[in-house]
């Protein structure tokens, strides 16, 4: 999940107005993209690892982590059954942040395999620490461009779920085209979901929540599971962990909206 904001929130970049546009999470963004250059799902964000994070990285990354660039370039195969040693329902999380929700949700669903895509190395290292502490075997970490992964390696109708929690809201009007949840991305995400699979979005930015709902409502392959609820918002699932970021959002007076759409 994208549990970050500012320097403390690592993440994926936005979906811009480009055929290769991409996913993002608020934090490691720059505002210097050329208008027509291909967009990836991330901006490199240099941050040092703590001693504990470095130890976790050195110990666990070779076993539990992979680079999206290697999967795209053919150096490594995209092969979840071999990664997990089994075939199980597969959930992709775009922007796992510091791994708080990822680890908790994976621990609560041991029969489901989880792929966490992130670019911020301290966040990936922190997630490695969490899964080691919990003894989880159902989480694999990918570093790099989540949208390129979806577009070029994830087969259609292969995912049980896609989670995107708190993506970058790009609050300035002139930057809103950079937001992740645009029609092109939603169509791509829907195509990768198996029938009955879910797209779960959460944001603390009101106008982005409205945009998410409008865009997803317009996607014919998706159905709002809370269409009968006030505003079409999903009541906050009690199984979604409350992270430090979400606590801060509440403290600052921002309402969090959840949306869950099911693949028809």
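Quick notes on this structure:
- Scanning segment 101-116 for residues that are touching a helix residue (DSSP H, G or I) at 6+ places or on another chain (Cβ under 6 Å) and more than 24 Å from residue 247 (Cβ to Cβ) turns up just one, 113.
- Within segment 218-243, if we keep just the residues that are under 20 Å from residue 95 (Cβ atoms) and out of contact with any strand residue (DSSP E or B) (no Cβ under 9 Å at 6 or more places or on another chain), the residue that is surrounded by the fewest Cβ atoms within 10 Å (Cβ to Cβ) turns out to be 239.
- Taken together, the residues in segment 221-238 that are in contact (Cβ under 8 Å) with a residue 12 or more places away in the chain, closer than 24 Å to residue 194 by Cβ and in a loop (DSSP other than H, G, I, E, B) amount to 4.
- Residue selected from segment 137-183 under the condition at pLDDT 95 or above and out of contact with any helix residue (DSSP H, G or I) (no Cβ under 9 Å at 6 or more places or on another chain), by the criterion surrounded by the most Cβ atoms within 10 Å (Cβ to Cβ): 161
So that you can scan it fast, the table gives a plain yes or no per residue for (1) at pLDDT 55 or above; (2) touching a strand residue (DSSP E or B) at 6+ places or on another chain (Cβ under 7 Å); (3) farther than 23 Å from residue 194 by Cβ:
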residue: 7; (1), (2), (3): no, no, yes
residue: 10; (1), (2), (3): no, yes, yes
residue: 20; (1), (2), (3): no, no, yes
residue: 32; (1), (2), (3): no, no, yes
residue: 47; (1), (2), (3): yes, no, yes
residue: 61; (1), (2), (3): yes, no, yes
residue: 83; (1), (2), (3): yes, yes, no
residue: 93; (1), (2), (3): yes, yes, no
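- Against the conditions (1) over 18 Å from residue 59 (Cα atoms); (2) touching a helix residue (DSSP H, G or I) at 6+ places or on another chain (Cβ under 7 Å); (3) crowded, with 17+ Cβ neighbours inside 10 Å, residue 119 satisfies every one except (2).
- Residues (surrounded by 14 or more Cβ atoms within 10 Å (Cβ to Cβ), over 21 Å from the mean Cα position of the chain (by Cα) and more than 23 Å from residue 163 (Cβ to Cβ)) located in segment 54-89: 54, 55, 76
- For segment 84-100, the tally of residues that are closer than 20 Å to residue 130 by Cα and in contact with a helix residue (DSSP H, G or I) (Cβ under 9 Å, 6 or more places away or on another chain) stands at 11.
- Scanning segment 202-220 for residues that are in contact (Cβ under 8 Å) with a residue 24 or more places away in the chain, under 18 Å from residue 163 (Cα atoms) and part of a helix (DSSP H, G or I) yields 208, 209, 211, 212, 213, 215, 216.
- Flag for residue 186 being under 16 Å from the mean Cα position of the chain (by Cα), buried (at least 18 other Cβ atoms within 10 Å of the Cβ), modelled with pLDDT of 95 or more and part of a loop (DSSP other than H, G, I, E, B): no
- Residue check, residue 123 modelled with pLDDT under 95 and under 13 Å from the mean Cα position of the chain (by Cα): no
- Scanning segment 244-264 for residues that are over 30 Å from residue 220 (Cβ atoms), surrounded by fewer than 17 Cβ atoms within 10 Å (Cβ to Cβ) and touching a helix residue (DSSP H, G or I) at 6+ places or on another chain (Cβ under 9 Å) turns up 244, 254.
- Residue within segment 99-118 that is modelled with pLDDT of 95 or more, more than 21 Å from residue 81 (Cα to Cα) and in a loop (DSSP other than H, G, I, E, B) present: yes
- Check on residue 215, at pLDDT 95 or above, over 27 Å from residue 235 (Cβ atoms) and surrounded by 19 or more Cβ atoms within 10 Å (Cβ to Cβ): no
- The lone criterion from (1) touching a helix residue (DSSP H, G or I) at 6+ places or on another chain (Cβ under 9 Å); (2) outside any strand (DSSP E or B); (3) touching a residue at least 40 places away in the same chain (Cβ under 8 Å) left unmet by residue 199 is number (2).
- Counted residues, segment 241-264 - those being under 18 Å from the mean Cα position of the chain (by Cα) and within 27 Å of residue 156 (Cβ to Cβ): 6
The values are calculated or read from the model by the stated rules, or taken from the named source; none is laboratory data. Note that the structure is predicted; figures quoted are calculated from it, not measured. Neighbour counts are summed over all protein chains in view; Cβ atoms, including those assigned to glycine, are modelled from backbone coordinates with ideal geometry.
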